[in-house]
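Notes for the one structure printed next.
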Amino acid sequence: MSIPASTQKDAAPSTDNSRSRERRRRLTGPAMVLPALLVTVLFSIIPIVYLAIVSFTEKSSFFFRNTTYTWANYSTIWDRYLPNLETTMRLALLSSLIDLIFGYPFAYILIRKVRYRELVRTLMVFPLFGPLYLAYGLSYIFLPNGPLSPVLEFFNIPATKWLYSEPSTLFGMMIFTFPFMVMNIGAALSNVDPMLEEAANTLGAAPWKVFIRVLFPLSYGGVLAGFLMCFGWNLGVFVVPVLLGGLEQQRVISLTLYSKGMSQQDFGMASAMGIVLMAIAFIVTWASLRFSRGALGA
Amino acid sequence: MSAIASSPVQRNRKLSSRTVFGALQHVYIWIWLVLFALPFVVTILRSIQDVDGGHSFAAYQQVFESYRGNLWFSVKVTVITIIINLLVSIPGAYAIVRYTVPGKRFVLSLLNLALYTPGAVAGISLVITYSYLFHIPRTTTGLVGAYVVGTYPLMLVPIIVALRDLPQVYEEAARTLGANRAQSLFRVELPLLGPGISAGILLTFVIVFNEFLVTLFIAGPHTTTAALTVYNLTRTGFLPSTAALAAAMQLISFLVVLLFFRTFGSRYLKGTFLI
């Protein structure tokens with residue numbers, strides 16, 4: 001008689017206990033992600049929301065009592081700064097294309113033929129330390145009477161026209177993003193079975209045909225992902241045009257944004273440029289993440 | 001008779017053209033490797049040049065005397081960022097792999113948001129919020145906040161990869177043998193996650209130590225990092241001391257990367273910023 005009662009008495013708190021443990025367990029996950037989310041909200045989301053608000057205000061009026069809201073910043077970008085956007089896009093596009101043309105053979109040889117891959121990987125980290133040291137070193141190499149001048153003379157290029165020009169800017173941007181291209185294409189190529197190439201070869205396909213019909217279609221995802229990744233990085237280019245570019249190249253959006261916001265204190269205009277640049281960068285990144293599924297293992 | 005004699009010659013020629021092609025492929029790789037290292041090598045060569053054409057390490061001594069404060073500040077900020085990154089990322093990665101988080105995919109892409117924001121955009125947005133909302137313009141707190149939000153996703157990914165590789169049996173075994181949750185975390189799981197966590201530390205170090213663009217926007221005269229000093233000095237031309245500081249920064253970064261590759265290999269860096 002007393003036994004069932006005691007079990008009942010025991011059972012009731014135990015189910016209650018397990019339910020509360022279950023609830024605690026369900027809350028633990030979100031609670032552990034909370035610090036990360038908090039950091040992102042404080043230092044990324046709130047600033048971007050503010051950037052969007054400031055982009056609709058005139059000059060630096062956001063910080064004062066006479067805040068005036070206007071569309072003028074965006075219409076000014078449309079009227080006057082389209083060439084800057086065009087320069088940014090052109091430099092990013094060209095340097096990413098050069099990366100692709102030289103990066104594909106590099107990745108292929110690296111994956112299929114090279115045994116000293118660790119060494120390659122180690123030397124490839126130098127560009128990843130950032131474009132600053134790279135552009136600085138290159139600008140010294142490119143000096144009219146610097147180490148490169150005999151080579152330039154040999155190719156009959158006037159040494160004074162090389163530094164502070166579009167080709168030297170593209171060269172710097174291309175070297176900086178080259179590892180990203182190789183990394184993406186290499187990841188895609190290492191998933192392609194070499195047997196497929198051999199099969200195409202033994203069935204009589206010429207090397208270029210093997211490339212067009214077999215290799216390229218199978219590594220297409222990596223190529224696209226690498227291209228978009230390079231493009232995304234190169235859109236935000238800042239220091240390379242400062243150290244290697246001429247006035248034409250120094251029109252890139254990041255630099256214009258800096259001089260507008262930090263030198264002329266025109267925060268409205270700078271914010272609008274930031275929003276435009278970020279919109280382009282996000283579209284590119286979204287596309288690259290979409291196409292890179294599998295290539296990056298994400 | 002002649003056909004028999006010619007066939008080995010032909011094969012020989014075919015073989016030699018193939019070896020030439022093979023050698024050319026390696027030459028191609030090496031041209032690029034030289035290009036990657038060349039700016040660094042030239043910077044070092046410039047830094048040890050003397051005024052009278054000789055070689056000396058005087059520039060390094062000068063750098064150490066003039067920019068010791070900046071270098072020390074850089075190291076300090078980097079270490080603080082790494083510690084905060086660890087405190088933020090380990091629980092985050094743990095929750096994402098082991099627990100249910102509502103809207104996991106959305107949360108993950110939200111956390112990665114700062115990673116895809118161009119540096120100049122992050123800079124100008126932080127300038128505005130720091131001076132208008134948080135009232136921390138030109139402070140170390142502001143710098144660390146910007147670095148943490150920009151780099152902790154890079155620490156999150158290797159830890160997630162390492163956690164997914166780690167079977168849950170170790171944790172369960174430790175718990176059944178009587179370890180409490182904290183003991184199993186500190187004595188079983190964290191040591192096993194070591195390589196993944198150190199990959200995150202490496203990535204954070206390489207990026208924060210060399211970051212100058214966001215810093216250019218939000219740093220003040222008392223919060224100038226060594227990388228920003230390099231950027232400011234590049235405007236003064238090609239002084240040996242500028243080259244010495246740039247070379248020293250790259251050398252420190254390179255040694256850390258080398259140490260990491262020697263100790264852990266590059267497996268846990270897959271799918272992240274460095275290969």
Looking only at the stretch A:181-195, decide whether some residue is of a type in the set (A, V, I, L, M) and surrounded by fewer than 18 Cβ atoms within 10 Å (Cβ to Cβ).
yes
When the stretch B:43-64 is checked residue by residue, the ones that are surrounded by fewer than 13 Cβ atoms within 10 Å (Cβ to Cβ) and either modelled with pLDDT of 90 or more or among the polar types (S, T, N, Q) (or both) are B:61
Near pairs, Cβ below 8 angstrom, 6+ apart or cross-chain, from the stretch B:116-130 (facing another protein chain (nearest Cβ under 7 Å)) to any residue that is aromatic (Phe, Trp, Tyr) and outside any helix (DSSP H, G or I):
B:119/A:238; B:120/A:238
So how many residues does the stretch B:149-165 have that are facing chain A (nearest Cβ under 7 Å) and closer than 24 Å to residue A:53 by Cα?
1
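Among the candidates B:83, B:128, single out the residue that is in the same structural domain as residue B:221 (by TED's automatic domain parsing), touching a helix residue (DSSP H, G or I) at 6+ places or on another chain (Cβ under 8 Å) and not small (Gly, Ala, Ser). Before you say what the answer is, go through the steps one by one.
Details: B:83 fails: touching a helix residue (DSSP H, G or I) at 6+ places or on another chain (Cβ under 8 Å).
B:128 is the lone residue from the list that is in the same structural domain as residue B:221 (by TED's automatic domain parsing), touching a helix residue (DSSP H, G or I) at 6+ places or on another chain (Cβ under 8 Å) and not small (Gly, Ala, Ser).
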Residue count, the stretch A:225-253 (criterion: at the interface with another protein chain (Cβ under 9 Å from one of its Cβ atoms), under 22 Å from residue A:79 (Cα atoms) and touching a residue at least 60 places away in the same chain (Cβ under 8 Å)):
2
If a residue has to be within 8 Å of chain A (Cβ to nearest Cβ) and surrounded by 23 or more Cβ atoms within 10 Å (Cβ to Cβ) to count, how many in the stretch B:80-113 make the cut?
5
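Among the residues of the stretch A:265-277, is any assigned to a helix (DSSP H, G or I), more than 19 Å from residue A:55 (Cα to Cα) and either touching a residue at least 24 places away in the same chain (Cβ under 8 Å) or not aliphatic (A, V, I, L, M) (or both)? Full working, then the answer.
Of the stretch A:265-277, the ones assigned to a helix (DSSP H, G or I) are A:267-277.
Still in the running and more than 19 Å from residue A:55 (Cα to Cα): none.
No, the stretch A:265-277 contains no residue that is assigned to a helix (DSSP H, G or I), more than 19 Å from residue A:55 (Cα to Cα) and either touching a residue at least 24 places away in the same chain (Cβ under 8 Å) or not aliphatic (A, V, I, L, M) (or both).
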Being exposed (fewer than 13 other Cβ atoms within 10 Å of the Cβ) and over 30 Å from the mean Cα position of the chain (by Cα) narrows B:177, B:190 down to just B:177
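A quick yes/no check of all residues on (1) under 16 Å from residue B:78 (Cα atoms); (2) of a type in the set (S, T, N, Q):
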| site | (1), (2) |
| --- | --- |
| B:151 | yes, yes |
| B:155 | yes, no |
| B:175 | no, no |
| B:198 | yes, yes |
State all residues of the stretch A:16-74 that are under 19 Å from residue B:123 (Cβ atoms), of a type in the set (A, V, I, L, M, F, W, C) and more than 8 Å from chain B (Cβ to nearest Cβ); if no residue qualifies, say none.
A:41, A:49, A:52, A:53
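Name the single residue that is nearest to the other protein chains (Cβ to nearest Cβ) among those in the stretch A:254-264 being assigned to a helix (DSSP H, G or I) and more than 21 Å from the chain's Cα centre (by Cα).
Going through the stretch A:254-264, the residues assigned to a helix (DSSP H, G or I) turn out to be A:254-263.
From what is left, the residues that are more than 21 Å from the chain's Cα centre (by Cα) are A:259-263.
Numbers: A:259: 11, A:260: 9, A:261: 5, A:262: 7, A:263: 12 Å.
Among those residues, the one meeting the criterion is A:261.
Taking the stretch A:65-123 as the region of interest, how many residues are over 30 Å from residue A:253 (Cα atoms), in a loop (DSSP other than H, G, I, E, B) and of a type in the set (Phe, Trp, Tyr)? Steps first, answer last, please.
Residues of the stretch A:65-123 over 30 Å from residue A:253 (Cα atoms): A:105-123.
After this cut, where a residue has to be in a loop (DSSP other than H, G, I, E, B) as well, the list is A:113-116.
Among the residues that remain, those that are also of a type in the set (Phe, Trp, Tyr) are: A:116.
Residues in the stretch A:65-123 being over 30 Å from residue A:253 (Cα atoms), in a loop (DSSP other than H, G, I, E, B) and of a type in the set (Phe, Trp, Tyr): 1 in total.
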Out of all the residues in the stretch A:236-250, which are surrounded by fewer than 24 Cβ atoms within 10 Å (Cβ to Cβ) and part of a helix (DSSP H, G or I)?
A:242, A:250
Limited to the stretch A:124-158, what total is found for residues that are over 29 Å from residue A:231 (Cα atoms) and in a helix (DSSP H, G or I)?
5
So which of A:218, A:203 ends up being more than 12 Å from every other protein chain (Cβ to nearest Cβ) and exposed (fewer than 13 other Cβ atoms within 10 Å of the Cβ)?
A:203
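The values are calculated or read from the model by the stated rules, or taken from the named source; none is laboratory data. Bear in mind that the values here come from a model prediction, so they are computed numbers and not experimental data. Note that each Cβ is placed from the backbone with ideal geometry, even for glycine, and that neighbours are counted across all protein chains shown.
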